[in-house]
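See below for the structure under consideration.
The values are calculated or read from the model by the stated rules, or taken from the named source; none is laboratory data. Since this is a predicted model, take the numbers as computed values, not measurements. Glycine gets a Cβ as well: all are built from the backbone with ideal geometry, and neighbour counts include every protein chain shown.
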Amino acid sequence: MATKTPGVYIVEKNAFAHSVVEVPTAVPAFIGVTERADHGGRPLLNRPWRISSMADYTKAFGVAAPAVFKLEKAPVSHPMPRLPTEARGQLADFAWNGRNYRLSRAPGRAGGRFLMHLAMQHFFLNGGAACWVVSVGGYAAEIVAGDDSTGLIGGLKPLVAEQEPTLVVVPDAVLLDEPACVHVQQAVLSHCSGTMRNRIAILDVWGGDRRRDDAALGWDCIEHFRDQIGEQGLDFAAAYYPWLHTSLVQRGTALPIVIESNLIELEPPSSADVPGSLRACAHEMARGLVNLMPPSAAMAGLYTMVDSTRGVWKAPANVSVAGVLAPAVVVSHGEQEDLNVTPTGKSINAIRSFIGEGTLVWGARTLDGNSLDWRYINVRRTMIMLEQSCQFAAKALVFEPNTASTWAMLKSMLVNFLTGIWKRGGLAGAVPDDAFSVHLGAGETMTQQEVLDGLLRVTVLVAVTRPAEFIEITFEQRLQPA
């Protein structure tokens, strides 16, 4: 301020400290195969692209591939084949006019077997909003058939540069052979828990369209998943079982279903609309196979919906899944016991149907089910939100003097932020002192030598809310009062 010229001078002083802004909590990144990858002539192959609607997705990544099925007479015994890709939810036997027929769909481009387009539909149908898409190739490439996992794994690398995604979903992984699917899922776990540590993976169970004791599968899909997934990064992942019979593809939708067979050549194409014709039966059966979807994309949408309506601290469970006719496997109360609580700790969240309530997500655990710290999905995701929010806010104080005034400013920022989270129900405690505490200062969190070295250390203790997973109501008989 000038002091040599007479006059009136205005001096503004900041009355409030810097604030902590809550980071977005449910922004999925989808990795998979799309029809194309360009936006207005700008190539998007292996480049993350942010969208917020199905129209955005279609504009940049195209439409679904035609579903091509082969219709033939079934063998006399018509056993379901064991393990080949085309048998996993893409083969069915049915009877028509006293004869047995088999409808099958080849993997990859031969059968138009790609999941990304329908997965995105299911995501937005269940409350999805902004998300990122990484296209690793087009329909002409054989990326989601066989044992080549390199294409899908390659989609993780460009995501390292993006800080916004908090979830990683790879629906197409289940289209690979089982070892390749596991390889992709392990790479996703490494990306989330090791490379980034600010996002979690939503995984599908390979073979999750079958019962655990299905002889055609050849093994218990849940136990095999637990054995193969490994031990690293389990607290940064959640898995769901079973797959879902959806209503995404209905009559008259844009997704064409092609039936290839010399058995129906004599029928006019219009016979598909004639109830009871072989073509009509084949189309209905094919539509059911196309609508069989792994649940990860729908769960990503539910995470977004729950976060926006209740908060990231609310467990994404006891909520209904939209666009679902029924789970592919009926899971009973007793059967879920081993899914939820197991000696290995690798909890699998069940999706179940309840009379009068529809299809509900009936589990809220990470794969690290034995950990008291990281057993629940909402606890892990709440901690990620708190850590990232505080980290970004603290950047404003980097290179500020490491003195008491800076310490007081930072502590005030964190206390105000955590108080707001507590008021919204994100932290447990009757009063703020029960919900959190912030410790900062020389002699408390730092030595004098550390201050001289430029280190400012803060310790934050928080009581994150945990879900009421088990509710016990005790009834006891009493005598009638005299």
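Numbers for the structure displayed
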item: G288 modelled with pLDDT of 90 or more, surrounded by fewer than 18 Cβ atoms within 10 Å (Cβ to Cβ), of a type outside the set (A, V, I, L, M, F, W, C) and over 23 Å from E469 (Cβ atoms); result: yes
item: Helices (runs of 4 or more DSSP H) (entirely within the range 36-146) containing at least 2 residues that are at positive phi and either of a type in the set (F, W, Y) or at pLDDT 90 or above (or both); result: none
item: Sole residue being touching a Lys or Arg at 6+ places or on another chain (Cβ under 8 Å) and acidic (D, E), chosen from E469, E450, E400, E387; result: E450
item: Test: V133 is touching a Phe, Trp or Tyr at 6+ places or on another chain (Cβ under 7 Å), surrounded by 23 or more Cβ atoms within 10 Å (Cβ to Cβ), assigned by TED's automatic domain parsing to the domain that holds S296 and within 28 Å of V321 (Cβ to Cβ); result: yes
item: Checklist (1) in the same structural domain as V205 (by TED's automatic domain parsing); (2) touching a Phe, Trp or Tyr at 6+ places or on another chain (Cβ under 9 Å); (3) in a helix (DSSP H, G or I); (4) free of Cβ contacts under 8 Å to residues at least 40 places away in the same chain applied to T419, failing item; result: (1)
item: Scan of the range 195-227 for residues that are assigned to a helix (DSSP H, G or I), under 28 Å from L360 (Cβ atoms) and in contact (Cβ under 8 Å) with a residue 12 or more places away in the chain, ordered by number; result: C221, I222, H224, F225, R226
item: Candidates L414, L418 - the one that is under 34 Å from the mean Cα position of the chain (by Cα), within 20 Å of N378 (Cα to Cα) and surrounded by 14 or more Cβ atoms within 10 Å (Cβ to Cβ); result: L418
item: Answer from A119, A140, A129 - the residue that is of a type in the set (G, A, S) and farther than 20 Å from A298 by Cβ; result: A140
item: Members of the range 323-338 found to be out of contact with any helix residue (DSSP H, G or I) (no Cβ under 8 Å at 6 or more places or on another chain) and among the hydrophobic types (A, V, I, L, M, F, W, C), listed by number; result: L325, A326, A328, V329, V330
item: Enumeration of residues in the range 344-374 that are of a type in the set (S, T, Y) and under 21 Å from A237 (Cβ atoms); result: T344, S347, T366, S371
item: Residues of the range 166-194 satisfying the condition of being in contact with a His (Cβ under 9 Å, 6 or more places away or on another chain), not in a helix (DSSP H, G or I) and not β-branched (V, I, T); result: L176
item: Any pair with Cβ under 8 angstrom, 6 or more apart, that starts in the range 339-365 at a residue that is touching a residue at least 24 places away in the same chain (Cβ under 8 Å) and surrounded by fewer than 22 Cβ atoms within 10 Å (Cβ to Cβ) and ends at one that is basic (K, R) and not in a strand (DSSP E or B); result: T342/R226; T344/R226
item: Of all residues making up the range 377-408, the number that are of a type in the set (F, W, Y) and more than 29 Å from the chain's Cα centre (by Cα); result: 2
